[in-house]
Amino acid sequence: MKSAPFEYLRPKTVAEASVALGRRNTTTAAIAGGQSLIPMLNLRVVLVDLLVDISRLDDLKAVTKTPDSLWIGALTTHAAIEDGKVPDIFNGLLRRVASQISYRAIRNHGTIGGSVALADPAADWPCCLVALDATLRIVGRNGVRVEKVTDFIHNSFTTSLSAGDIIMGFDIPAPQAPLRWGFAKVARKSGAFAQSIAVVAVQGKDGPATVALSAAGPRPIALAATARQLLGATSSEDEIRAAIATDLATHFRGPDSLDPYQIRMHRANIVNAIRDMRSR
Amino acid sequence: MSAVTIELNGVKVAEEVEPRLSLADFLRERCALTATHIGCEHGACGACSVMVDGVLTRSCLTLAAMCDGRSVLTLEGLRSDPTTDLLRRHFHQSHALQCGFCTPGMLIAARDILLRHQRPNDPMVRHELSGQICRCTGYANIIKAIVAAGEEMAGTLAATAAHANP
């Protein structure tokens, strides 16, 4: 199983990489860890003329903590986050999410930037970053732009990236009060792609609260009614289940409706994430 | 073609490779190192596991061109590695292989587990090993071998420490 032939470049700077990725009349792709891209090239579901290796660009590796936010460079690997090499100002949420992605060998090379750039509907980081209201910075031919992760992902495997764009990293706002979080996913075996991913984030006792769900539709969604139920610790699980049902009905209508099994599975998974949050 | 220089099992190797050549094919076809097995070729089975710059890596999900300037360690390079030696003995004692196809990847992954976790227990080994597929053994004996090797390693460490600080 081999990829179709392609040209390979390893530019020394982000600017050179951006120019190479924007080359005219050429199908290009950036490669960082390659843990999704290489199998897709080998299976020939992705065909490129030019592969631009951005994995050694130091400008994409910075990790910085400020009082207001945490900056995670796009090339930060899942394993680095799992091992606590990134300051986790979210009470361990990032480490927990990272440790459940695929297998260790994949986590050693796969990057947070690559995960979001691919925008697989069953990926963990888009869900987590939407729950934490993260933004990402993208450098391209027209300079630098900043977008919310939730706006960046348009559809399954579809983002606002265009030729020449490179994700620099993610800016995650610091919680106003110690973060209470929950994380749950449904997967056939540990490391397999998930059928449902839920991340719950509540700042302090009274919020704000967010609940994000992935693998249910083409892109991560924020469940507003469910999040409102989490403000104040008094909601019963029945009230929460009702709110989840409202959110699922709002987001999945008509031809996009979920079948009864999917509704039960996602609801159970979200309730598990909320129990996980309440148990902390 | 892409020029690569790789430190392969401690020896510098310089080659010209096609950019699409995987590290797994590079090892087997260009370097005749066939301990690295090729199973699924899309990262699901772990048979092709090697170490790149000291971290566990799927050689089928790595391009040889991307390894330029890196160090690669295969099972052939671990002949005199004490952790691999210990694991090999416990795999033998616990009958942790049948056809043996997955074994090189299992040994590389097991060594990585023992180097990152002291005395890993059964559930931890199961979780860590979820990326390695074996179609014969049902995993029970592989897990038994790794747990036993971890216990022997921790026991030896404790004995050495006691000897050093009586």
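Assorted remarks:
- Just checking the listed ones, B:THR36, B:THR83, B:THR137: in the Gaussian network model of chain B with Cα springs under 10 Å, the one fluctuating most is B:THR137.
- Entry note: chain B has Rg to Rh equal to 1.01, where both radii use alpha-carbon atoms and Rh is the Kirkwood radius.
- Segment A:152-274 shape via C-alpha gyration tensor axes, a/c threshold 1.5: oblate
- To the nearest ten degrees, helix A:237-251 and the longest principal axis of the Cα atoms of chain A are 40 degrees apart.
- Segment A:258-276 versus segment A:1-27: alpha-carbon centroid distance in Å: 42
- For segment A:180-220 versus segment B:103-123, the inter-centroid distance based on Cα atoms is 29 Å.
- Considering only segment B:2-77, percent of DSSP beta bridges that pair antiparallel, nearest 5: 90
- The sum of -39500 (n - 2.57) across all DSSP H runs of n ≥ 4, divided by the residue count of chain B, sets its helix-only mean residue ellipticity at 222 nm to -11500 deg cm²/dmol.
- Inverse of mean 1/r across different Cα pairs in segment B:82-160, Kirkwood, Å: 12.3
- Where only C-alpha atoms are counted, convex hull volume of segment A:7-53 per residue in Å³: 63
- Considering only B:ALA14, B:ALA145, B:ALA65, the mean-square fluctuation computed in a Gaussian network model of chain B, springs between alpha carbons under 10 angstrom, is largest for B:ALA14.
- Reach of B:LYS144 by Cα under 27 Å, taken over lysines that are not fewer than 8 positions away in the same chain: A:LYS189
- Chain A: most fluctuating residue of A:ASP259, A:ASP120, A:ASP68 per GNM, C-alpha cutoff 10 Å: A:ASP259
- Once the convex hull of all Cα atoms in the protein assembly as shown is built, its volume per residue stands at 173 Å³.
Each value in this text was obtained by applying a stated rule to the coordinates, not by laboratory testing. A quick note: this is a predicted structure, and the numbers were derived from the prediction, not measured.
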